[in-house]
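The values are calculated or read from the model by the stated rules, or taken from the named source; none is laboratory data. Note that the coordinates shown come from a computational prediction; the quantities given were computed from them, not determined experimentally. Here Cβ is always computed from backbone atoms with ideal geometry, including for glycine, and neighbour counts include all displayed protein chains.
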Amino acid sequence: MSVPRTVPALMTPPVGITAVRDAYGVNYARIMASSVLAALPLVPVFVLFRRHIVKSVATTGRGGQQRAPLTAG
């Protein structure tokens, strides 16, 4: 099932921002305002889970295992 692009309530944020651009022309102020409004719900999620997000990014590529620091010697 695909999401219809003509129903505003069912639009994803990128499709909505494109709809704003198409409706009002290339008005960068409106596009940037729409982008900020689309990103706002992600801020509280990041604040709540930042410790887990940072830890998962820091351990990516190492198999999730922390290595002992190298010592000069």
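Got at least one residue in the range 33-44 being in contact with a Ser or Thr (Cβ under 7 Å, 6 or more places away or on another chain), assigned to a helix (DSSP H, G or I) and at pLDDT below 85?
First, the residues of the range 33-44 that are in contact with a Ser or Thr (Cβ under 7 Å, 6 or more places away or on another chain): none.
No, because not a single residue in the range 33-44 is in contact with a Ser or Thr (Cβ under 7 Å, 6 or more places away or on another chain), assigned to a helix (DSSP H, G or I) and at pLDDT below 85.
Within the set of pairs 6 or more residues apart or between chains, which connect a residue that is surrounded by 11 or more Cβ atoms within 10 Å (Cβ to Cβ) inside the range 13-35 to a residue that is of a type outside the set (Val, Ile, Thr) and not in a helix (DSSP H, G or I) with Cβ atoms less than 6 Å apart?
15/5
Filtering the range 47-71 down to residues that are surrounded by fewer than 10 Cβ atoms within 10 Å (Cβ to Cβ) and part of a helix (DSSP H, G or I), which residue is modelled with the lowest pLDDT?
Here the residue is 57.
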